[in-house]
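Read through the structure below, which is laid out as structure tokens, and then see the notes.
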Amino acid sequence: LHDLIGIEHHKLNFFQELQKNIKELKEINRESEDQRCEIAAILDGITDVMMVLSEDMEIISVNRIFERLFPGVNPIGKKCYALFRDSEGPCSECPAFKSLSTNSVCKDTAIFRIDGKNLRFDMVASPLKTPGTEEDRILIFKRDVTMEKEYQAKFNQAEKMATIGVLAAGVAHEINNPMAAVAGFAEGIQRRLTRMDDKIPDELA
């Protein structure tokens, strides 16, 4: 009877320990899910196109902004240059390659033709080390600055025109002063000549 009670007591302890472990695992899982949702919300809140690429420029994951740029396209497994350049080979100026080779953050600006429009992007590529794997990955952000550049160009043009206007006004002012003096002297001479009509010899009239 003593042995039987001991066995049952051991089972009870084991069951209680198991319940405790299950509770801890559920709590850890809940915290992990909360962290995952938080990270997903942060990534989806980024207004730039974000991609994770493999060493051979294959797209591993993207954020929701990518879907706005390429609606209805599943990019996973496709080559980055195939989507953005419609090319069969990688771009020589791609900052992702520079980031891999130098193991540093690289920046560049490029124009891509997407949906019949030329769009300008500022790009930032950063090496991404994945714990437990030897494969290098690249985190790349592409920010659409097309409208920003257009507004900047218009602002620069307006600034140039304003400068030309100021220059023209200055030149007109500088020319106006001597012309006013010349006009004043001419009017004075004309008045004097009127009073001296009877004194001017006929050969000078």
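The values are calculated or read from the model by the stated rules, or taken from the named source; none is laboratory data. Fair warning: this is a prediction, and the values are worked out from it, not measured in the lab. Positions of Cβ are generated from backbone atoms using ideal geometry, with glycine treated the same way; all protein chains shown enter the neighbour counts.
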Taking segment 50-69 and keeping only residues that are over 17 Å from the mean Cα position of the chain (by Cα), surrounded by 14 or more Cβ atoms within 10 Å (Cβ to Cβ), assigned to a loop (DSSP other than H, G, I, E, B) and not small (Gly, Ala, Ser), one is left with Met57
Can you report the number of residues in segment 134-145 which are more than 12 Å from Ser54 (Cβ to Cβ) and surrounded by 14 or more Cβ atoms within 10 Å (Cβ to Cβ)? 5
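Taking the condition of being part of a helix (DSSP H, G or I) and either surrounded by fewer than 18 Cβ atoms within 10 Å (Cβ to Cβ) or of a type in the set (A, V, I, L, M, F, W, C) (or both), how many residues in segment 76-101 meet it?
Going residue by residue through segment 76-101, those that are part of a helix (DSSP H, G or I) are 80-84, 95-101.
Those left that are additionally either surrounded by fewer than 18 Cβ atoms within 10 Å (Cβ to Cβ) or of a type in the set (A, V, I, L, M, F, W, C) (or both): 80-84, 96-98, 100-101.
The number of residues fulfilling the criteria is 10.
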Going by the structure shown, is Cys37 under 24 Å from Thr146 (Cβ atoms), at pLDDT below 85, surrounded by 10 or more Cβ atoms within 10 Å (Cβ to Cβ) and of a type outside the set (Lys, Arg)? no
